[in-house]
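Chemist: Sending over a structure as structure tokens; questions will come in a sec.
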Amino acid sequence: MERDLPVATTAIEASVETCQRTGRILVPLLIAAAVTGLGVFVFFELVTAVLLSV
């Protein structure tokens with residue numbers, strides 16, 4: 001009694017393809033969110049420094 005490996009391989013390949021597609025979408029969005037968050041943080045740090053130095 002043999003196992004049906006091509007079905008499992010196809011399911012694994014489908015899962016890998018789905019993960020890769022999701023990664024191609026989410027990774028750039030996460031990078032953009034991180035850069036934006038860092039920029040907002042630096043902006044408010046600069047505004048706070050200027051307001052406290054007056």
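Chemist: Would you mind stating whether ARG3 is exposed (fewer than 10 other Cβ atoms within 10 Å of the Cβ), out of contact with any Cys (no Cβ under 6 Å at 6 or more places or on another chain) and at pLDDT below 95? Outline the logic, then answer.
Modeler: Details: exposed (fewer than 10 other Cβ atoms within 10 Å of the Cβ): yes; out of contact with any Cys (no Cβ under 6 Å at 6 or more places or on another chain): yes; at pLDDT below 95: yes.
Spelling it out, ARG3 is indeed exposed (fewer than 10 other Cβ atoms within 10 Å of the Cβ), out of contact with any Cys (no Cβ under 6 Å at 6 or more places or on another chain) and at pLDDT below 95.
Chemist: List every residue pair whose Cβ atoms sit under 7 Å apart, with the two residues 6 or more apart in sequence or on different chains, where the first one lies in region 7-28 and is without any contact (Cβ under 8 Å) to a residue 40 or more places away in the chain and the second, anywhere, is outside any helix (DSSP H, G or I) and surrounded by 10 or more Cβ atoms within 10 Å (Cβ to Cβ).
Modeler: Close Cβ pairs (under 7 Å, with a partner that is outside any helix (DSSP H, G or I) and surrounded by 10 or more Cβ atoms within 10 Å (Cβ to Cβ)) do not exist here.
Chemist: Okay, next question. Any residue that is at pLDDT below 95 and exposed (fewer than 10 other Cβ atoms within 10 Å of the Cβ) - is there at least one of those in region 10-19?
Modeler: Here is the first cut: in region 10-19, the residues at pLDDT below 95 are 10-19.
With exposed (fewer than 10 other Cβ atoms within 10 Å of the Cβ) added as a condition, the list becomes none.
No.
The values are calculated or read from the model by the stated rules, or taken from the named source; none is laboratory data. No experiment lies behind these values; they were computed from the predicted model shown. FYI the Cβ positions are ideal-geometry reconstructions off the backbone, even for glycines, and counts take in every protein chain you see.
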